[in-house]
Structure formats: C-alpha cells, structure tokens
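No lab work stands behind these numbers, since they all come straight from the coordinates. Since this is a predicted model, take the numbers as computed values, not measurements. With ideal geometry, Cβ positions are generated from the backbone for all residues, glycine too; neighbour counts draw on all protein chains shown.
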C-alpha cells in the first residue's frame, strides 16, 4: 500500500507514523495539500484526527464539487459539527475516538484561544495514553499550540503536550502533520523533530531561516546549493512543493500535489450562502452510539427521605399512630408489654421524620470600576467599541468582530480575549450559544456610565 499524493510521488505505508511539517505562506496550498495526504489515509481505512483551527476540514465529508458524499469522518464543533465540542469533554472525545476507532475533525474555529489550547492539550494527552492502532493526527496552525515563545503557564502546558506527542507519539503508533504559515513562530525544538519536510511557496526571510535550520541539521549539502534551493521557494506555484525525507533517498523532489477528491472549503465559500446549506455524508450510526458521552445526563430525582424505625416500647400512647397498634387474635393471655419479636402485625411500624429545609439569601454586591476614557487597557478598548456601537442593542458580537473593531481604532488586540471573558463574568456581556459557536450580546449597557472630565492642554 502506498499513498499517491502526486503523479510523481507515492509515500510508503510507514508514512502513517511519520512526523510531517507542511510549511508555506498564506494561500500557497498547505491545507489543500495536507488534506490530499489525509484523503489517501482515509481511503486506506487508516483513522485520522484533524485539529482544525480554521474551520474548513469538514470538507472531507463532502464530494469534490460540494455535492455528493465525501469520506466518513465525524465532525465535532464548528458550523457543520455533528456533535458539540467543549473543553470539559476533550478527554471523553479522545476515549470515544479510540474505542470506536474512527476518524474525526475537531473544529476549534468558533472557540477562544484559551478554550482551543485546553482542548488540544487534554485531547492529545488522552489520545497518546490510550491509542495503540496506527493513527495520524493533522494539526492545523500548529504554531498556535506550540509557539516559539510562551506567555503564562497555560501556553507552556499546551506546548508541552504537543512536544510530547510529536516526540514520542510513534511509540504508540501515532503520526503527526504540523501545518503552519509561520515557520518562524513554530517552536524550533518541535520543528526539528520532523521526519519529512513539505515546503510550499515561502517568502518571508525569517520563515526561510526556520526552514534552513531544519535542513542544515539533516544534510551536509554544499551551502551554495542550499541557498539556491531556499531562493527557489518563492517561485513555487500553488500546490507545488518540495518534499524531503533525509533518510529516504528517493524522497527529495519537487512535486505538484494531485487534485483533491473531496471539497476544499475556501474562505470565499465559507462567506457564501451555500455554506449553510451544504450536506455532509451521513455518520449517524456513530453519533447515536456516543451521543450520551457528549451530552449532559439528567440529574436523578431523589425520593422524599423516609426513616423507618421499630416501634419502641416507651412511646406514649398519645403519640402513637392509630394504625401502629397490633391486632392479636388469641384466647391466651398476652403480657402487657410483650417482646417485639413475638408481635405480629399486618402493617409495619413507621415514623416519618419531616426535615425542615433552610431558606438561603444571597447578597449580590455590584462593584464599580473606573476605566479611563483613553483606553490604556484591553478592558477599556473593548468597552469603547461596545459603547460606540449605534445599531441594534441586541447585536451578536463574535470575538473576531470585537478584535476587528479594536484594530480599526489602531489599538493593540493583546488581552482583548481575556477582557471579553471578564465582561461575561461581570454579566455585562452575555454569552449566547449558536450551534458550536459562542456569540456575545451587550446586555449590560445601562451598567456602563460615561463620565466626561475636562482637562487643560497647552497649545503647541
């Protein structure tokens, strides 16, 4: 068995557990070409996992023209998701994938960066722990989860999960394809673990430098020849790539990837009305089997608490229920207080204890926070954007729309994501679930007050 990715090159069966690096500038075809490799594996009944941060890999489920069936792969999350995807269920998804031995797309495009990283590190850790069969994982925009520079413990933990998966996944029959448009931003320690380099059109000098680092660790080729090779990368056409596996002498050539057999969901298509009506190949059997794993279970209703006790001899007659008195039909003399074991009765002796349940009063304190008019903080920038909106008050904002509005003021978007989360916690923004995507409504406008203050400025 071989994976025919072009008319000039077919990869061997063992490529399932290789580590690939698909490197290219935006629009050069890295996603398209890596999907060709995924198609080859799916057609060979090799399960694949796609961690999709851009929301286009669901196209594997659709025919080439956007009509007709594609390949059997279950989609979690996103606009075309079969099942929801939340951070709390990432390990459950990985376990279900292993148990059912199926192929899946994890669409993270509608989630925050924080949620995406939590899902990636939990999913990869659990998949690494449980997997035993040959399986290949495609990580779109790998630099987001394994950056060269990390900020905070969360990013560092996610980097550690990806690093462990790439380095040691082969021990558990796991291969990986790292896909990025910014070679310079991808962690170099992880990039150097690649077995096979797939380089499409690359222009930025810093990205070429990252490629150079990998190449010069793998070969002793003349530096002059290598420089000519680096310079040739800018001349590559869309879908044209250099494929290089240093340990396989036959895999060092420039190829044109074959056309996809499934649908390539471009950015233009995703914005068109047709995107909402397209139908994917049916995978209902899996969905029904595992739906209970990913949907919340109803909480059991506890019956009223009844305490049963044996009839004590010392209970005063005035406190005894009338039905407690045993009926004894006998001509024999019965002692005044016979032992309980000798008493027979038609109904059990029962005392029902009614418990008083407390009422609870919560005192909600609303703090007042002053934010400067000149937004020097991410929170201030987001609030200015929201307050300046003059349209409908029930408008639904996405995270990307808020970031774009901040950018239009020529402000930095650093910290905007965290500011949005903070406003949700304060109930100034209300999160609204729309399928697998989370939108935000500015419900707390009346709780934000603008105070004008005059100050003196000296004329130049």
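Order of 8, 439 from fewest to most other C-beta atoms within 10 Å?
Details: 8 13, 439 17.
In order of increasing Cβ crowding within 10 Å: 8, 439.
Debye calculation, C-alpha points only, no solvent: report log10 I(q)/I(0) for segment 1-151 at q = 0.10, 0.13, 0.16 Å⁻¹, in the same order as the q values.
Listed by q, the Debye log ratios stand at -0.34, -0.59, -0.92.
Is segment 106-157 best put as rounded, prolate or oblate by its Cα gyration tensor, with a ≥ b ≥ c the root eigenvalues, rounded for a/c under 1.5, and otherwise prolate when a/b is larger than b/c, oblate when not? Could you put the intermediate results ahead of the total?
Numbers: a/c = 1.88, a/b = 1.57, b/c = 1.20.
Since a/c reaches 1.5 and a/b is larger than b/c, the shape of segment 106-157 is classed as prolate.
How much of the calculated P(r) for segment 158-233 lies past 19 Å, in percent of all Cα pairs? Present the calculation step by step, with values, prior to reporting the outcome.
Numbers: 1110 of 2850 pairs.
Distances greater than 19 Å cover 39 percent of the Cα pairs.
Rank these for me by crowding, 136, 172, 80, going from fewest to most other beta carbons within 10 Å. Don't skip to the end; give the middle numbers.
Details: 136 26, 172 17, 80 23.
In increasing order of surrounding Cβ atoms, one gets 172, 80, 136.
If you count, for each residue, the other Cβ atoms within 10 Å and average over each peptide, how do 215-226, 139-150, 86-97 line up from highest to lowest? All intermediate terms of the calculation are to be shown ahead of the outcome.
On the way: 215-226: 11.3, 139-150: 21.4, 86-97: 19.5.
Packing proxy ranking, top to bottom: 139-150, 86-97, 215-226.
List the extent of the Cα atoms of segment 2-294 along each of their three principal axes, largest first, rounded to whole Å.
That works out to 60, 43, 35 Å along the principal axes.
From the C-alpha coordinates alone, can you work out the Kirkwood hydrodynamic radius of segment 378-447, in Å? List each step's numbers first, then the result.
Values: mean 1/r = 0.0828 Å⁻¹.
Radius from the Kirkwood sum: 12.1 Å.
Classify segment 195-263 as rounded, prolate or oblate from the Cα gyration tensor: take a ≥ b ≥ c as the square roots of its eigenvalues, call it rounded if a/c is under 1.5, otherwise prolate when a/b beats b/c and oblate if not.
Working: a/c = 2.07, a/b = 1.38, b/c = 1.50.
Oblate shape, in that a/c is at least 1.5 and b/c is the bigger or equal ratio.
Counting only Cα atoms, I'd like the Rg/Rh figure for segment 89-242, Kirkwood definition for Rh. Each step should come with its number before you reach the end.
Values: Rg = 16.8 Å, Rh = 16.8 Å.
When Rh is taken as the Kirkwood radius, the ratio is 1.00.
Please order 4, 132 by the number of other Cβ within 10 Å, starting at the fewest.
132, 4
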